[in-house]
Amino acid sequence: MAFGSQPTGVRRLQAPATWVEWMGVRALVHPVTLAAIAALLLNDHLLKRLTPGTLTGKLSDFAGLLFFPMVLIVVLGRITGCPRPRRLMLAVASFIASGAVFATLKAVPQANAAAHALAAGVLGLRLQMALDPSDLWALTVLPAAFTLWLRAESNPSPVPLRAGLLALSVATLAAVATAPCPPEQPISRLLQGSNGLYAVARAWEPFSGVYRSRDEGRTWEFLQEEDVPPQIAAQVEQPVVYPVIACDPGTPRLCYRIDGQQPQVERSEDGGQTWDVAWSPPAVRLSYMRRVAAGTGKVLACGKEIDFSPHDLMLLPSGGGSVVLVALGNEGVLRGPADRAVWERFGVGWAEATPERGSSLHDLWPPSTILTETLLLLAAGASAFLVLSVRTWTSARRRPDASGEGYRWFWWAAGGVLALVVVAAVVAGVEELLPMLGIPLTLILAYVAFLGQRWSIAIEDSLEVSAVQRCLWLSLAASFGSAALAWLFFALWVFGIVPVHSLALALALGSLLAGWLLGWRAVSRAFYPAAAEQRLGV
């Protein structure tokens, strides 16, 4: 062997394009770990829907706790660059942290509620993490998982790059997207007991969830199966016979009716001789509600089809009158006083009441229901600005000694930003995302650099510098200002001020056209006032 040469195996070990030596990757590609990942994905996205029960409910916890600490080790080791002497310490900390967080979310109601709120508010996810202390049995898998990690990491053989990255990607996806979309739990029965009002979800027989309300249907608490009163469990099995008619005991001629099919509640004031619609979904807001229910604009959202079909009806005595309660399936419970036309929908468990309109500015911040309109308006504004810019450049008169050279640092700045993004992705170990994000980012930077340089040339070489500068600001105002005004109409639609989407769309298109025409006219008149007035008929 020649001096300075190395064995073939050593050369392969040091070739980053072929092998990976990331901490914890060997454990992720172990057959047992891969089997756990496959079991989790299969269970969460197929078996739980086909055969829901205790076995499928616990299987995900055991499988997830087996490999999730290993994912955490790889990610933290890659970020921190943990040296080899401290790898064992990092691994122990990762396993302990995984078990502690799991136990807290399963046994502490406040932590569980906070996790659901965080997932819904920040990520737009309907996270499924049931508050169930019996799931703590899954913690027993952690010692076996740690032993598996130790044995796998003691193996000196390298791991193929593609296999390591594929295992890490699939494991991360499985850990993050663990059953984000639980089976729908439509409320199908309303029952009255000695300790309150009960709402029953029947995703499977005899029931998948029972909730109790002690404030006449405004708030609901989930009951464990052993806490469900026997008389309520017995009544659940009795089918609902349609139409369901309930009359006010104090005013027998005042009755309410549902037929189980039409999305409405009917009211009669003559004992059932004639009926009028007392409640129906707001037709003008259905387009917005469908977007919210489908999770439009949100990441990994659990969408649902809105179903306002009433499943059960009852009148609950309240003070000197009665309260009407209707089971609305996946929309929760509808509640309204019998003597007034004020109706409210309340979520029950997983059956969330879809809002009719936005309630805060957070509804406009990504992820939002008008994300598509926002992106399209940005693209329209950018296109209009390009057209008005070209109009300015071709209209401005140039100096005889014009050099035709603008500020080339725009291109250098754009290239520098793109290079920084690439370097940051490589350092963070997420370079596999570059093909997906690189093309849009490159196009945006090229757009900014091109316009920056061309405008600098137009200003430097023009005989009418002030006119060109004025056209720059007019073009920006006409293109992006009209796009901002158009976006405002969609924002008003979110809050219900503009009731229907078609009206918001018409107003938005009108503002865009008006802004572009005014911008074109202003740019034209900046250089050729008389000719522009003749062409425009002014």
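With every protein chain in place, what's the accessible area of PHE207 (1.4 Å probe, Å², nearest 10)?
Using a 1.4 Å probe on the heavy atoms, I get roughly 40 Å².
How much of ILE79 can a 1.4 Å solvent probe reach, expressed as accessible area in Å² and rounded to 10?
Looks like 130 Å² after rounding.
Starting from the Cα-Cα distance between PHE450 and LEU376, subtract it from 0.36 nm times their residue separation and give me the gain in nm to one decimal. Mind showing how you got there, number by number?
Values: separation 74, 0.36 × 74 = 26.64 nm, distance 2.11 nm.
Separation in residues times 0.36 nm, less the Cα-Cα distance, equals 24.5 nm.
Taking 0.36 nm per residue of sequence separation and subtracting the Cα-Cα distance, how much length would be gained by fully extending the chain between LEU437 and ALA413, in nm to one decimal? List each step's numbers first, then the result.
Numbers: separation 24, 0.36 × 24 = 8.64 nm, distance 1.86 nm.
Here the answer is 6.8 nm.
Taking a virtual spin label 7 Å from the Cα of ALA113 along the C-beta vector, which residues in the stretch 200-224 bring their backbone nitrogen under 14 Å of it?
Backbone N within reach: 219-222.
To the nearest 10 square angstrom, how much accessible area does ASP259 have with a 1.4 angstrom probe?
Only protein atoms counted, so the area is about 60 Å².
Which residues' amide hydrogens lie under 5 Å from the amide hydrogen of VAL500, considering only partners 5 or more residues apart or on another chain, with H built in the peptide plane?
Sorted by chain and number, the residues that satisfy this come to none at all.
Say each of GLU237 and VAL421 gets a label point 7 Å from the Cα, pointing the same way as Cα to Cβ; how far apart are those two points in nm?
6.2
Run the simple label-point estimate for VAL387 and LEU517 please: 7 Å along Cα→C-beta, distance reported in nm.
Output for this residue pair reads 1.3 nm.
The values are calculated or read from the model by the stated rules, or taken from the named source; none is laboratory data. A quick note: this is a predicted structure, and the numbers were derived from the prediction, not measured. Please note: Cβ atoms are built from the backbone with ideal geometry, for glycine as well, and neighbour counts cover all protein chains shown. Surface accessibility is based on the protein's heavy atoms, side chains included, excluding ligands, DNA and RNA. Shrake-Rupley method; radii C 1.70, N 1.55, O 1.52, S 1.80 Å.
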